[in-house]
Structures are given as structure tokens and as C-alpha cells.
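Novice: What follows is a structure written as C-alpha cells; I'll ask about it next.
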Amino acid sequence: MYIEDPYKIWIVDNFISESILDSVLNKWLQDDDPRWFRGRDKINGEDNILERGMLSLSNMTLMPKKISSMMKMLHSYEMTERISKITEINELITDDSMRWSGMREMQPGGCQLIHSDARLNPKTKLVKHITALLYLNKDYDPEDQGHLEIWNDAMTECTHKIEPIYNRLVLFVNSDTSYHGVPNVKTSRKMLTFSIMRRPTESDTETRTYAKFVPRPCDTDAIARLGVLRSQLNDY
């Protein structure tokens with residue numbers, strides 16, 4: 001499935017062998033595992049109302065072997081070539097730094113409000129061009145919510161809601177206004193994420209190394225203010 005408006009999105013179901021994906025899910029970390037990074041509680045001393053109940057692990061040396069092997073495959077030259085064919089975008093570059101890659105889980109009641117992703121990798125100086133999300137949610141029920149919401153450039157309308165079903169790969173072009181997020185989650189929501197890069201051009205004026213959160217019409221002014229502060233965080 002291909003979506004062109006408000007920005008380019010590709011949805012590929014049954015992306016890889018389910019036996020491979022099952023082996024990844026069978027080695028998934030328990031929620032109380034100390035290897036998880038649990039996000040920031042504060043942004044410049046204020047409560048982080050932008051993200052809640054989010055678990056992440058990007059360090060492959062801490063991942064179970066089955067999952068780290070999967071992440072290596074997703075970051076292979078062959079995978080980048082495959083995604084180039086799906087998207088018909090040339091000169092894509094594998095993100096060897098794996099800066100925005102890894103295991104992700106949202107716990108029941110969690111959220112990640114609407115944002116556009118980071119733009120520039122501070123280590124490689126490459127631009128993040130494609131965001132890739134591979135979902136691991138077996139027996140997904142729409143009542144579980146956890147949809148990936150796609151918003152228009154003016155942030156006046158949610159144009160699409162994509163269900164995070166098992167073995168679904170979602171790819172989208174990352175721009176300053178590729179607004180997306182997961183405002184509501186009722187059950188555990190699991191995925192692997194990775195990025196595909198490109199070389200910068202003269203038209204690349206945005207150099208954010210962090211996501212920028214933006215408010216929906218129903219959100220308070222604090223979302224916009226904290227969203228800007230988060231996008232300006234120092235690297236860590």
C-alpha cells in the first residue's frame with residue numbers, strides 16, 4: 001500500500017518470514033528488565049508530557065542474540081537496497097551508527113504525541129531520509145488502539161491511522177513536517193525501528209538531532225513549548 005498525502009508512506013505486510021519474527025518475539029525483554037531505557041521524566045526540569053510509558057533499547061550488545069542478529073540484517077546493504085526498490089528512492093545509505101534504531105515498546109496507557117523525527121545524525125552528518133517501523137504485535141485488535149497517526153502539515157487533521165499489526169513494515173519519508181505519533185495505547189505495543197539515510201543537500205536547512213513535538217488542536221500550549229525545548233536538547 002502506498003500513501004502520497006500528506007507525505008510518502010509505504011505499508012508492506014508479511015514483510016519477512018514469520019518464523020524469523022517469532023524467534024525475535026520469543027526473546028523479547030520483560031518490561032521490568034533493567035536493560036530498557038525508560039525515557040526522560042523531565043525536560044528542562046518540567047514533567048515530560050510528550051512521551052509516557054516508552055521502553056527502548058538501542059545498544060545491540062545488550063540485546064538477546066536473536067534480536068541483535070535481526071537488527072544487523074535490517075541494517076545490511078541488502079536491506080537498504082530492498083527498501084530503495086520499494087520506495088523507488090535512489091542513493092539511500094545504511095545508518096551504520098544505528099543512532100535511532102532498536103527495540104521499542106509502549107506500555108498500556110503510554111503515548112508518544114505528534115512529532116517529526118530528528119533530521120541530522122550528529123555523528124555521521126547524514127540526513128535521516130526514511131523512518132522504518134517493523135511491528136511485532138500478534139493478535140492485534142483495533143480496540144487496543146496504538147495506531148500510528150499521520151497528520152497534515154498544518155496540524156489540523158489526522159489524515160490516516162495505521163494499525164501496528166504483526167509483520168507489517170511501515171516506511172515514510174522523513175521531513176520537517178512528516179508529523180506522526182501514537183497518542184493512545186491500551187495494550188503493550190512492540191516494534192523494531194531503524195533509519196535509512198542520505199547525504200545532505202543545499203536545501204537541508206533543518207539540523208535537528210532530536211524530534212520536534214507539535215500540538216494537535218486538542219492539545220495545550222505546553223505541548224508546543226515543551227516540543228521546542230525537547231528538539232533543542234544537548235546530545236547525550
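The values are calculated or read from the model by the stated rules, or taken from the named source; none is laboratory data. Worth saying up front: this structure is predicted, and the values here are computed from it rather than measured. When we count neighbours, we look across all protein chains shown, and the Cβ atoms used for this are built from the backbone with ideal geometry, even at glycine. Calculation scope for accessible area: heavy atoms of the full protein, side chains included, ligands and nucleic acids excluded. Shrake-Rupley method; radii C 1.70, N 1.55, O 1.52, S 1.80 Å.
Novice: Which of the following residues is under 30 Å from residue 226 (Cα atoms) and within 19 Å of the chain's Cα centre (by Cα): 49, 83, 11, 67? Walk me through it before giving the result.
Specialist: Details: 83 fails: under 30 Å from residue 226 (Cα atoms); 11 fails: under 30 Å from residue 226 (Cα atoms); 67 fails: under 30 Å from residue 226 (Cα atoms).
Every option except 49 fails the conditions.
Novice: Among residues belonging to segment 163-179 that are open to solvent by 10 Å² or more (accessible area, probe 1.4 Å) and either polar (S, T, N, Q) or part of a strand (DSSP E or B) (or both), point out the one that is farthest from residue 72 (Cα to Cα). Give the derivation first.
Specialist: Residues of segment 163-179 that are open to solvent by 10 Å² or more (accessible area, probe 1.4 Å), as a first pass: 163, 165-166, 168, 173, 175-177, 179.
Pick out the ones that are also either polar (S, T, N, Q) or part of a strand (DSSP E or B) (or both) and you get 168, 173, 175, 177.
Numbers: 168: 19, 173: 22, 175: 25, 177: 29 Å.
Among them, the one singled out is 177.
Novice: Considering every residue within segment 224-231, establish whether at least one is open to solvent by less than 40 Å² (accessible area, probe 1.4 Å), without any contact (Cβ under 8 Å) to a residue 60 or more places away in the chain, within 16 Å of residue 115 (Cα to Cα) and of a type outside the set (Ser, Thr, Tyr).
Specialist: Yes: segment 224-231 contains one or more residues that are open to solvent by less than 40 Å² (accessible area, probe 1.4 Å), without any contact (Cβ under 8 Å) to a residue 60 or more places away in the chain, within 16 Å of residue 115 (Cα to Cα) and of a type outside the set (Ser, Thr, Tyr).
Novice: Any residue at all in segment 149-163 that is of a type in the set (Gly, Ala, Ser), without any contact (Cβ under 8 Å) to a residue 60 or more places away in the chain and over 21 Å from residue 40 (Cα atoms)? Spell out the reasoning first.
Specialist: Of the residues in segment 149-163, the ones of a type in the set (Gly, Ala, Ser) are 154.
Remaining after also requiring without any contact (Cβ under 8 Å) to a residue 60 or more places away in the chain: 154.
Checking which are over 21 Å from residue 40 (Cα atoms) leaves us with 154.
The answer is yes; a qualifying residue exists.
Novice: Here is a follow-up. If only one of 92, 113, 133, 120 is under 18 Å from residue 15 (Cβ atoms) and within 17 Å of the chain's Cα centre (by Cα), which one is it? Give the derivation first.
Specialist: Details: 92 fails: within 17 Å of the chain's Cα centre (by Cα); 113 fails: under 18 Å from residue 15 (Cβ atoms); 120 fails: under 18 Å from residue 15 (Cβ atoms).
After ruling out the rest, the residue left standing is 133.
Novice: Restricting attention to segment 21-39, report how many residues are open to solvent by 70 Å² or more (accessible area, probe 1.4 Å) and either part of a strand (DSSP E or B) or among the aliphatic types (A, V, I, L, M) (or both).
Specialist: Matching residues across segment 21-39 total 1.
Novice: Is segment 196-205 home to any residue that is over 18 Å from residue 147 (Cβ atoms), within 19 Å of the chain's Cα centre (by Cα) and open to solvent by 20 Å² or more (accessible area, probe 1.4 Å)?
Specialist: Quick first cut of segment 196-205, residues over 18 Å from residue 147 (Cβ atoms) only: 196-205.
Now restrict to residues that are within 19 Å of the chain's Cα centre (by Cα): 196-198.
Filter once more, so that each one left must be open to solvent by 20 Å² or more (accessible area, probe 1.4 Å): 198.
Within segment 196-205 (the criterion being over 18 Å from residue 147 (Cβ atoms), within 19 Å of the chain's Cα centre (by Cα) and open to solvent by 20 Å² or more (accessible area, probe 1.4 Å)), the answer is yes, since at least one residue qualifies.
Novice: Right, something else. Looking only at segment 138-150, which residues are within 24 Å of residue 174 (Cα to Cα) and part of a loop (DSSP other than H, G, I, E, B)? Write out each step before concluding.
Specialist: Keep residues of segment 138-150 that are within 24 Å of residue 174 (Cα to Cα), which gives 145-150.
Matches in segment 138-150: 146, 147.
Novice: Now for a different question. Which one is most open to solvent (accessible area, probe 1.4 Å) among residues in segment 81-132 that are in a strand (DSSP E or B) and β-branched (Val, Ile, Thr)?
Specialist: Initially, segment 81-132 is screened for residues in a strand (DSSP E or B), giving 93-94, 102-116, 120, 127-132.
Narrowing further to those that are β-branched (Val, Ile, Thr): 93-94, 114, 127, 130-131.
On the way: 93: 40, 94: 23, 114: 1, 127: 7, 130: 0, 131: 5 Å².
Restricting to residues being in a strand (DSSP E or B) and β-branched (Val, Ile, Thr), the top hit is 93.
Novice: Further question on the same structure: Of everything in segment 40-80 that's open to solvent by 40 Å² or more (accessible area, probe 1.4 Å), out of contact with any helix residue (DSSP H, G or I) (no Cβ under 8 Å at 6 or more places or on another chain) and polar (S, T, N, Q), which residue is farthest from residue 91 (Cα to Cα)?
Specialist: 59
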